[in-house]
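Since the structure comes first, as structure tokens, the remarks are kept for the end.
The values are calculated or read from the model by the stated rules, or taken from the named source; none is laboratory data. Remember, it's a predicted structure, so these values are computed and weren't measured experimentally. Counting neighbours? That spans all protein chains shown, and the Cβs are built from the backbone with ideal geometry, glycine included. Note: accessible area is taken over every heavy atom of the protein model, side chains too, but ligands, DNA and RNA are not part of it. Shrake-Rupley method; radii C 1.70, N 1.55, O 1.52, S 1.80 Å.
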Amino acid sequence: MVEVGMAAEATPDHILTSEYASLLVMEFGRNPVVNDEAAFDIYPSPPHAEPETLPLRPPVVTIMGHVDHGKTTLLDTLRSSSVAKGEAGGITQHIGAFSVTVGPTKNTVTFLDTPGHAAFSAMRARGATVTDIIVLVVAADDGVMPQTREVIELIKKEGDKIGVVVAINKIDKPGVDVEKASNALAAEGLQLETIGGDIPVVPVSGLTGKGLDELVETISAVAELQDLRAEHDGKVHGYVIESKVQKGLGPIATVLVLRGTLVPGIHLISGQSHAKVRVLQSPSGASVKSTTPGNAVVVSGWKELPSAGDEVLSGPEDDIKKALANRIRKAEIESSMVDLEAINEQRKQDRESRELEEKGLDPAAQGGQEGQRQLKVIVKGDVSGSVEAVVGALSGLGNDKVAVKVVASGVGDVTESDIMRAQAVNGMVVGFSVKIPRPIEAIAAQNQVPLYSATIIYRLLDDIRERLVALLPVTI
Ligand code: GDP
């Protein structure tokens with residue numbers, strides 16, 4: 001932690017580092033601009049002058065819809081069919097994205113299978129539009145439900161930039177009425193082809209596989225109208241879809257390539273991590289020679305674990321190293337700024353508690369906006385995609401009286417230091433799809449740190465909501 005007070009050590013003939021100078025500037029409420037060689041970073045290449053001359057690329061598709069309407073089943077069936085056709089007998093791993101090729105045209109479609117909405121919003125929040133087409137899945141036997149409406153709202157907002165296909169699912173069930181389901185969607189304002197609009201509707205069964213070839217072909221037809229093209233030469237530009245540490249390979253990341261060609265040996269930067277690409281692997285673990293735009297691949301060779309949603313860029317080794325040093329320095333300055341804010345906030349709270357105590361009142365509120373109690377949470381998850389999803393979902397909970405504050409998050413099992421950290425802030429630990437070793441459970445119990453393990457996000461949210469309600473101040 002850097003306190004600005006340290007800058008007072010500078011004598012008149014003392015040269016301030018850019019960090020201290022920046023802190024001083026920030027103390028006066030201004031934004032520092034550090035203009036030296038270290039301010040170097042690498043950026044995506046400018047748009048191509050003649051985009052219509054570039055090769056076509058596969059569309060990137062996100063499947064969305066209400067819980068239990070069959071998104072996971074649909075993706076599982078598509079994923080296994082993609083491997084069955086490509087490599088006989090291959091077992092697919094979940095890597096966050098996979099490609100399917102169908103029909104006489106042999107067009108390829110790439111599906112993202114990170115937790116749908118969360119992955120999409122994490123990248124949208126960073127201003128990245130990696131999804132070309134949304135497939136809205138609606139179970140024919142259940143119809144329009146709350147999360148269906150959320151997706152419809154999103155489509156209405158983004159519809160001009162993003163292609164849309166509706167999949168009416170579970171048509172294998174007896175007595176289901178596809179027309180009724182599609183009329184209900186039209187009544188919500190979706191411009192379906194059936195009523196003269198441009199959104200195609202495909203009846204499918206994720207369970208039996210019926211209609212899935214038609215679904216992929218329809219997606220391909222929508223993509224053709226979008227005329228998605230990207231250059232294969234030049235710098236690589238893409239996004240991290242998922243990342244984790246794998247035994248024998250170290251940190252690995254699934255990278256969705258949007259421009260350029262990813263090959264072993266090139267240098268990449270993503271957030272504050274960099275890589276000399278060691279091996280490229282398909283979802284079935286087969287090694288791949290190169291990956292072109294519109295496709296995803298598992299990349300090993302990272303020095304640190306990159307984060308899901310972060311941009312990936314290639315460049316000469318020296319440029320990547322300079323950019324990395326610069327990003328790390330910038331992050332240090334930013335965290336000093338956060339430290340300063342935290343110190344000021346703590347001082348304010350201490351002052352307020354003293355005032356309340358002097359008046360004989362209970363200073364129980366723990367941070368946050370005035371009078372708001374916070375449930376402080378440390379989140380650990382199996383892959384960065386699920387950590388992002390849980391952090392995103394938890395951060396939205398609460399109101400002006402009580403709210404969740406995620407104080408730390410990361411990929412990996414729950415450790416003793418997570419428990420200690422939670423104890424220090426009087427908070428709790430949430431592990432999502434990770435192991436909680438017995439000794440860690442014991443340490444949590446000894447230190448009275450609530451420890452919650454979950455594999456289903458909505459159950460987790462229900463439980464946390466209950467804890468928030470319990471935190472609500474009692475009013476008589
Ligand atoms: P998600 O929450 O949208 O990912 O839904 P899931 O894929 O987990 O499916 C929820 C339930 O519906 C599971 O019990 C599935 O077996 C079932 N299901 C999914 N797709 C179909 C389908 O096409 N037909 C039938 N009959 N059941 C399905």
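So Ile436 clears everything in (1) within 25 Å of Gly309 (Cβ to Cβ); (2) of a type in the set (A, V, I, L, M); (3) surrounded by 17 or more Cβ atoms within 10 Å (Cβ to Cβ); (4) free of Cβ contacts under 8 Å to residues at least 24 places away in the same chain except one condition, right? Which one? Status for Ile436: all satisfied but (1).
Of the set (1) modelled with pLDDT under 85; (2) over 16 Å from Leu451 (Cβ atoms); (3) surrounded by 16 or more Cβ atoms within 10 Å (Cβ to Cβ), all apply to Val425 but (2). Considering the range 297-314, and only residues there that are open to solvent by 20 Å² or more (accessible area, probe 1.4 Å) and in contact (Cβ under 8 Å) with a residue 60 or more places away in the chain, the residue that is farthest from Val130 (Cα to Cα) turns out to be Leu305.
Pairs under 7 Å by beta carbon, first residue at positive phi in the range 139-168, partner hydrophobic (A, V, I, L, M, F, W, C) and buried (at least 22 other Cβ atoms within 10 Å of the Cβ), six or more apart or different chains? That search, which allows pairs on different chains as well, returns Gly143/Ala181. Once the range 155-180 is narrowed to residues that are more than 19 Å from Thr218 (Cα to Cα) and within 16 Å of the ligand (Cβ to nearest atom), the residue that is most open to solvent (accessible area, probe 1.4 Å) is Pro174. Set side by side, the residues Val414, Val449, Val434 differ, and just one is within 26 Å of Glu242 (Cα to Cα) and modelled with pLDDT of 90 or more, which is Val414.
Every residue in the range 181-217 that is within 16 Å of the ligand (Cβ to nearest atom), crowded, with 16+ Cβ neighbours inside 10 Å, without any contact (Cβ under 8 Å) to a residue 40 or more places away in the chain and not in a helix (DSSP H, G or I), please. Listed by number, the residues that qualify are Val201, Val202, Ser205. With respect to the stated conditions, Val236 fails to be of a type in the set (A, V, I, L, M, F, W, C) and open to solvent by 40 Å² or more (accessible area, probe 1.4 Å). Within the range 274-296, the set of residues being open to solvent by 30 Å² or more (accessible area, probe 1.4 Å) and assigned to a strand (DSSP E or B) comprises His274, Lys276, Gln281, Ser287.
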